[in-house]
Each structure stands twice: as C-alpha cells, then as structure tokens.
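Note sheet for the following structure.
The values are calculated or read from the model by the stated rules, or taken from the named source; none is laboratory data. A quick note: this is a predicted structure, and the numbers were derived from the prediction, not measured. Cβ coordinates were reconstructed from backbone atoms using ideal geometry, including for glycine residues, and neighbour counts include every protein chain displayed. Only protein heavy atoms, including side chains, enter the accessible area calculation; ligands, DNA and RNA are left aside. Shrake-Rupley method; radii C 1.70, N 1.55, O 1.52, S 1.80 Å.
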Amino acid sequence: DAGVIQSPRHEVTEMGQEVTLRCKPISGHNSLFWYRQTMMRGLELLIYFNNNVPIDDSGMPEDRFSAKMPNASFSTLKIQPSEPRDSAVYFCASSFGGIRNQPQHFGDGTRLSIL
Amino acid sequence: SQQGEEDPQALSIQEGENATMNCSYKTSINNLQWYRQNSGRGLVHLILIRSNEREKHSGRLRVTLDTSKKSSSLLITASRAADTASYFCATDGTGNQFYFGTGTSLTVIP
C-alpha cells in the first residue's frame, strides 16, 4: 500500500524565493497535518485539515506560510518569501477520523534548506 | 511550550537488554501515542493508549499511563539493533492541538 507521499525530498533555495512542498495523503484518509521539525523546537504542528477544510492553523508561524488542500488527495505548503530560519524538515501526515484517537501516518519529509 | 517531554534524552544499551523511556505531559489528555523515527525518515506510529487505560501491550512493547502523574512509559523488551531510533510521545491538547515530546534517542549496540 502506498503511504503518504511527499515531494520534493530535498529542496535547497536562496532566501526570498517561493517554496512549495507537496503531499499526497493515504487514500481514504480524511485528515491531513503539516509539521515542521527542527533541532531547536522539535516537532511542531503547523496546520490541520479535516475533509479538505483547514480546522486549525494556529501553528503557522507567519503570514509567509500558507497551506491549501484543493481535494482529498493533494495538499501544498507554501512559503513566500522564504528565509534562512525556515530551514527544517517538513512532514505531512494523514489519518482517518481527525486529530484525536487516531494514529497518524507520516511521509518521509522534505528537507528544506534556505541559503 | 511543548506538551510532552521524554526522559532520558539519549539511551544506549546492549542488544537483548530492555529499554525504558518516560514521557511527562502538562494538561489533560484523551489519549497518548508513541511513535518511532528512524534517521532520515518519517515517524511511525507504535501504540495508542487512551486516558482510561493504564497499560497496553503490542509485541515487545509495553506502555503504561498514569494520568494522576501526567506521565507515560514505553518499555521495549529484548531490544534489537533494529530498534535503534528516536522515540516520541504525543498527546492531544485542548481544542485541535497535537503535541510531540522532545524525544529519546535510543541506540542498541549489537
């Protein structure tokens, strides 16, 4: 079975550039999560979608970050303009049934480096 | 601040020994989950324990939960080199929040 698929796996770009991260959740899952992982702050939930609708985006650090889920099989996380402090590993995860009481299935992440 | 914190931060044991990791959290929860992360990979769900459960087993894994102390432990019995990874606890918070702990880095020496 295909798991959560993220692309690209690695992204290196210069500050000020727009960055778009992509995620395909597991088919049939109705909840999708974007996380950021850094050494300093650990794993942080950025935004949570349920049935393609953003439920909680309180973790999105700044207006430079935006996320969309146009359909049940695709989501994007966009950073515009990017800054060096955005360098991190970004994970997408999906689950069936929401944020509580359900295991989340993670992709292998996008390692983002902003120079 | 993060909801959960693991202890110890790092643990190194010999293959065949048991490994115990602890997690403390701050607010009331509905459930607590444990995840494993191998280097360069995404997190993998191991086990979920609900707030009204005290202990749960899955293969070589044993999880306990003490809601009065706001703590949980993960025991891996008869460890193997393949168990080398970071282990995280995760809890749901108020509203739609979901918090991961700081993680325990486990090294199992063959």
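Calculate the dipole size of chain B relative to its Cα centre from +1 charges on Lys and Arg beta carbons and -1 charges on Asp and Glu beta carbons; express the result in debye to the nearest 20.
Magnitude of the dipole: close to 220 debye.
Each residue of region A:106-115 in turn: what ³J(HN,Hα) in whole Hz from Karplus with 6.51, -1.76, 1.60 and θ = phi - 60°, glycine and Pro shown as x?
With coefficients 6.51, -1.76 and 1.60, one gets 9, x, 8, x, 10, 8, 9, 10, 10, 8 Hz.
Take every DSSP beta bridge with both residues inside chain B and express the antiparallel ones as a percent of the total, to the nearest 5.
Numbers: 39 of 44 bridges.
Here the share of antiparallel DSSP bridges comes out near 90 percent.
Starting from the Cα-Cα distance between A:K78 and A:D57, subtract it from 0.36 nm times their residue separation and give me the gain in nm to one decimal.
Details: separation 21, 0.36 × 21 = 7.56 nm, distance 1.34 nm.
Using 0.36 nm per residue and subtracting the Cα-Cα distance, I get 6.2 nm.
Between B:D66 and B:T107, what FRET efficiency comes out of the Förster formula 1/(1 + (r/R0)^6) with R0 = 25 Å and r the beta carbon distance, rounded to 0.05?
0.40
Put a dot 7 Å past each Cα toward the Cβ at A:S7 and B:T77; how far apart are the dots in nm?
Going from the B:T77 label point to the A:S7 one covers 4.5 nm.
Taking amide H positions as placed 1.01 Å from N in the peptide plane, with prolines and chain starts having none, which residues 5 or more places from B:I47, or on another chain, fall under 5 Å of its amide H?
Distant-sequence amide H within range of B:I47: B:W34.
Send over the semi-axes of region A:10-115's equivalent ellipsoid, whole angstrom and largest first, taken as the square roots of 5 times the C-alpha gyration tensor eigenvalues.
23, 14, 12
Using the heavy atoms of the protein chains alone and a 1.4 angstrom probe, what is the accessible area of the protein assembly as shown per residue in square angstrom?
Solvent-accessible surface per residue comes out at 48 Å².
Report, in debye and to the nearest 20, how large the dipole of chain A comes out about its Cα centre when Lys and Arg carry +1 and Asp and Glu carry -1 on their Cβ.
200 debye
Give a residue-ordered list of calculated ³J(HN,Hα) values for region A:94-103 (Karplus: 6.51 cos²θ - 1.76 cosθ + 1.60, θ = phi - 60°; whole Hz; x for Gly, Pro).
Taking θ as phi minus 60°, the curve returns 9, 8, 10, x, x, 8, 10, 6, 9, x Hz for region A:94-103.
DSSP beta bridges in chain A, what fraction antiparallel, as a percent rounded to 5?
Of the beta bridges lying entirely in chain A, close to 90 percent run antiparallel.
Around B:I109, what is the net charge, scoring Lys/Arg as +1 and Asp/Glu as -1 over all other residues with Cβ under 12 Å from its Cβ?
That works out to -2.
For the protein assembly as shown, with the dipole built from +1 on Lys and Arg beta-carbon atoms and -1 on Asp and Glu ones, taken about the Cα centre, which of B:S28, A:C92, A:A2 lies farthest toward the positive end?
Comparing the listed Cα positions along the dipole, A:A2 ranks first.
Under a straight-distance cross-link criterion of Cα-Cα below 25 Å, which lysines are reachable from B:K26, leaving out those fewer than 8 residues away in the same chain?
Counting by Cα, and skipping residues close in sequence, B:K26 has these lysines nearby: B:K56, B:K69, B:K70.
For the B and A pair, go ahead and give the buried accessible area with a 1.4 Å probe, both sides summed, in Å² to 100.
Summed over both sides, the interface buries about 1800 Å².
For the pair B:S58/B:V44, report the inter-label distance in nm, with labels modelled 7 Å from Cα in the Cβ direction.
1.1 nm
What is the ratio of the Cα radius of gyration of chain B to 2.2 N^0.38 Å, where N is its residue count, to two decimals?
Normalised by 2.2 N^0.38 Å, the Cα Rg of chain B equals 1.01.
Please check: in the Gaussian network model of chain B (C-alpha springs, under 10 Å), which one of B:Q37, B:Q14, B:Q97 has the largest mean-square fluctuation.
Taking springs between Cα atoms under 10 Å, the residue moving most is B:Q97.
Give the long-range amide H neighbours of B:G93: residues separated by 5 or more places, or on another chain, with amide H under 5 Å away, using H modelled in the peptide plane at 1.01 Å from N.
Distant-sequence amide H within range of B:G93: B:F98, B:Y99.
Lys/Arg Cβ at +1, Asp/Glu Cβ at -1, dipole of the protein assembly as shown taken about the Cα centre: which of B:A90, B:H45, A:I47 is farthest positive-ward?
Positive-end residue among those listed: B:H45.
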